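Colleague: Next up is a structure, given as structure tokens.
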Amino acid sequence: MSVKSGKYHPPYFPFVREIGLTICLTIIFFQSCRHRDSELPALPAPKAFKPDYPAYLKSFYSEPSGNPTTEEGIALGRDLFFEKALSLDYSISCASCHRPEHAFSDTAAFSSGIGGQKGKRNAPSLLNTALFRRFFWDGRDSSLETQALHPISDPTEMGLEPEAAVNRIKNIPSYPEKFRRAFGDKEITIDRIARAIAQFERSLVSGNSRYDRFLQGKYNPDSVELLGMQLFFTHPDPFAGPGGLRGGNCGDCHLPQTLMGDPNGFDGFHNTGIAKAGGGETGLQKFTGKQIDFGRFKTPGLRNIALTAPYMHDGRFRTLEQVLDHYNADTLFQKPNLDVLIVKGTNERFGTSLGLREDEKKAIIRFLHMLTDSTTLQN
């Protein structure tokens, strides 16, 4: 209270004026940024992209309505897929484990993450991954969008938290414009990063192998390839008689045309005798909690299988011959919780194994080499 005037005069604090000035400048800065963004030339709508699947595979393809695949989204997703800034120490990208020259799989049983840490499962091929409905060997995810983020945040893989991933991408000058082209504005979020990577993965198509050309009437397999194909897709009938066609029992799990597991629910998950009780790898059971799902793993697609060694979820087999030997072993039927499709598959009356001959195994492998799609690898 002033003695002379009888009125209160608040004390003068210089920093109050400085705070006010800072707030005003900040508001002006953001308004200016918004104004500059609004002055950017309008872009045409992102161009829709439809993968070039053969007619017999198109019905299996799907994409969420909230993330339609576009050429601009694929281009952004491709850059992010190869972006090492998405790993904590800038050492690896998605492509480090899913290598294009090996059909987007890895040549190591377990891929190396940041700091040289080893993963626990083999990196499968990403070709035709858009035809699946469940992802990861244990089926934990139901969309490519959620699947895309797991490796980035996994401490044994890329080890980067979502907020840090967003900040890193924001600070790379080329990305804001790429996000604008793909999504309409320059906003960068972890959701958009996941959506772009998922779009790129949906563009990875394999449908021009010799097997595909055979289905289209454009390729005539030789006698060994034809025998291998017949064995592959035939369920063994030990009572068919001497003239009956013997079976390799492969097509019960790897379905005709798609060559992958049944996409409905968890029907495409099978116990192939790999998991050991008490071994720590329970497969689908880890996700569902059901004892019946112990040892069940996702049945992968087989296109380009000759290029994606090693095999199985733990990469234990280095060659296709070893895989066939596993399914033909006398001890396989004794494995716990083995899939009924395998237990009931024998070429011998009251047999206790699949019972394939050496020439039959070689024929099946010849057929598996028919699944290599050189067009995809060139692209």
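Let's see how each residue does on (1) at pLDDT 95 or above; (2) in the same structural domain as GLY113 (by TED's automatic domain parsing); (3) acidic (Asp, Glu); (4) touching a strand residue (DSSP E or B) at 6+ places or on another chain (Cβ under 9 Å):
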site: SER5; (1), (2), (3), (4): no, no, no, no
site: PRO11; (1), (2), (3), (4): no, no, no, no
site: SER32; (1), (2), (3), (4): no, no, no, no
site: PRO68; (1), (2), (3), (4): yes, yes, no, yes
site: GLY73; (1), (2), (3), (4): yes, yes, no, no
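Colleague: Within the stretch 331-350, can you find the residues that are touching a Gly at 6+ places or on another chain (Cβ under 9 Å), under 16 Å from PRO236 (Cα atoms) and either outside the structural domain of GLY273 (by TED's automatic domain parsing) or assigned to a loop (DSSP other than H, G, I, E, B) (or both)?
Modeller: Residues satisfying the conditions are ASP339, GLY345, THR346, ASN347, GLU348.
Colleague: Which of the helices (runs of 4 or more DSSP H) contained wholly in the stretch 103-219 include at least 2 residues that are of a type in the set (Lys, Arg) and modelled with pLDDT of 95 or more?
Modeller: Where helices (runs of 4 or more DSSP H) fall fully within the stretch 103-219 and carry at least 2 residues being of a type in the set (Lys, Arg) and modelled with pLDDT of 95 or more, they are 162-170, 175-183, 190-202, 210-215.
Colleague: Which members of the stretch 238-261 meet the condition of being touching a Ser or Thr at 6+ places or on another chain (Cβ under 8 Å), of a type outside the set (Gly, Ala, Ser) and in contact (Cβ under 8 Å) with a residue 24 or more places away in the chain?
Modeller: PRO238, ARG246, ASN249, CYS253, HIS254, MET260
Colleague: Just the residues that are charged (D, E, K, R) and either at positive phi or surrounded by 14 or more Cβ atoms within 10 Å (Cβ to Cβ) (or both), please, taken from the stretch 46-60.
Modeller: Filtering the stretch 46-60 for residues charged (D, E, K, R) gives 47, 50, 52, 58.
Those that are charged (D, E, K, R) and either at positive phi or surrounded by 14 or more Cβ atoms within 10 Å (Cβ to Cβ) (or both): none in the stretch 46-60.
Colleague: Residues that are of a type in the set (S, T, N, Q), over 31 Å from the mean Cα position of the chain (by Cα) and under 30 Å from ILE342 (Cα atoms): does the stretch 223-231 have at least one?
Modeller: Looking for residues that are of a type in the set (S, T, N, Q), over 31 Å from the mean Cα position of the chain (by Cα) and under 30 Å from ILE342 (Cα atoms), one finds at least one in the stretch 223-231, hence yes.
Colleague: Something else now. Looking at the stretch 50-71, which of its residues are more than 19 Å from the chain's Cα centre (by Cα) and under 17 Å from LEU204 (Cβ atoms)?
Modeller: Of everything in the stretch 50-71, those that are more than 19 Å from the chain's Cα centre (by Cα) and under 17 Å from LEU204 (Cβ atoms) turn out to be PRO54, GLU71.
Colleague: Of these, ALA275, ALA240, which one is in the same structural domain as HIS369 (by TED's automatic domain parsing), within 21 Å of ILE364 (Cα to Cα) and assigned to a loop (DSSP other than H, G, I, E, B)?
Modeller: ALA240
Colleague: Condition (residue is within 15 Å of the chain's Cα centre (by Cα), under 24 Å from THR282 (Cα atoms) and among the basic types (Lys, Arg)) applied to the stretch 78-97: is it met by at least one residue?
Modeller: No, because not a single residue in the stretch 78-97 is within 15 Å of the chain's Cα centre (by Cα), under 24 Å from THR282 (Cα atoms) and among the basic types (Lys, Arg).
Colleague: Residues in the stretch 110-120 that are buried (at least 18 other Cβ atoms within 10 Å of the Cβ) and in contact with a strand residue (DSSP E or B) (Cβ under 9 Å, 6 or more places away or on another chain): how many? Show your work before the answer.
Modeller: Of the stretch 110-120, the ones buried (at least 18 other Cβ atoms within 10 Å of the Cβ) are 110-111, 113-114, 119.
Subsequent filtering for residues that are in contact with a strand residue (DSSP E or B) (Cβ under 9 Å, 6 or more places away or on another chain) retains 110-111, 119.
Residues that pass the stated criteria total 3.
Colleague: Could you count how many residues in the stretch 153-212 are under 21 Å from the mean Cα position of the chain (by Cα), aliphatic (A, V, I, L, M) and crowded, with 21+ Cβ neighbours inside 10 Å?
Modeller: Matching residues across the stretch 153-212 total 10.
Colleague: On to the next question. For the stretch 252-287, what are the residues that are among the aliphatic types (A, V, I, L, M), within 19 Å of GLY207 (Cβ to Cβ) and buried (at least 21 other Cβ atoms within 10 Å of the Cβ)?
Modeller: Passing the criteria: LEU259, MET260.
Colleague: Filter the stretch 351-379 down to the residues that are assigned to a helix (DSSP H, G or I) and of a type in the set (Ser, Thr, Tyr), then identify the one that is nearest to SER206 (Cα to Cα).
Modeller: Here the residue is THR376.
Colleague: Go through (1) touching a residue at least 40 places away in the same chain (Cβ under 8 Å); (2) in contact with a strand residue (DSSP E or B) (Cβ under 8 Å, 6 or more places away or on another chain); (3) not basic (Lys, Arg) one by one and return the number of the condition ILE172 breaks.
Modeller: (2)
Colleague: Among the residues of the stretch 107-119, which ones are touching a residue at least 60 places away in the same chain (Cβ under 8 Å) and not hydrophobic (A, V, I, L, M, F, W, C)?
Modeller: THR107
The values are calculated or read from the model by the stated rules, or taken from the named source; none is laboratory data. This one's a predicted model, so the numbers in the text were calculated from it and none came from an experiment. Neighbour counts run over all protein chains shown; Cβ positions are idealised from the backbone, glycine included.
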